[in-house]
Amino acid sequence: MLVPALIGLEVSEAHELAFEARIVVVSADPDVPLPVSGTVIAQAPSAGTRVAPAHPVAIAVETGGGGGGGGRKLTTPPPGPRDPSGSKTPA
């Protein structure tokens with residue numbers, strides 16, 4: 001399975017896309033449940049990474065609450081150029 005690009009999507013859209021890709025979206029901070037609304041601002045592993053079915057993909061969500069919190073920052077590098085399938089494009 002290839003991890004889809006979830007950054008920039010609403011949480012509900014990220015869940016739908018993850019379901020279609022046969023992966024599981026989880027909170028970047030295991031002590032904080034995912035909010036029901038907000039925009040995905042980070043994910044790990046990154047889009048285009050090959051994983052097993054039902055593999056968890058951690059996401060961080062910006063809820064627009066005006067500061068404070070937001071969970072743990074993900075420490076993954078930004079994804080490189082990718083073709084429409086989510087695969088890395090050759091250099």
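Each value in this text was obtained by applying a stated rule to the coordinates, not by laboratory testing. Computed from a prediction, not measured in an experiment: that's the story for all the values here. Here the Cβ positions follow ideal geometry from the backbone for every residue, glycine too, while neighbour counts run over all protein chains shown.
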Practice problem: Indicate, rounded to the nearest 5 percent, the antiparallel portion of the DSSP beta bridges found entirely in the range 11-62. | Solution: 55
Practice problem: Enumerate the whole-percent occupancy of each 5 Å bin, from 0 to the last occupied one, for all C-alpha pair distances of the range 11-62. | Solution: 5, 22, 35, 25, 11, 2
Practice problem: Could I have the simple spin-label model distance between F19 and D31, label points 7 Å from Cα toward Cβ, reported in nm to one decimal? | Solution: 3.1
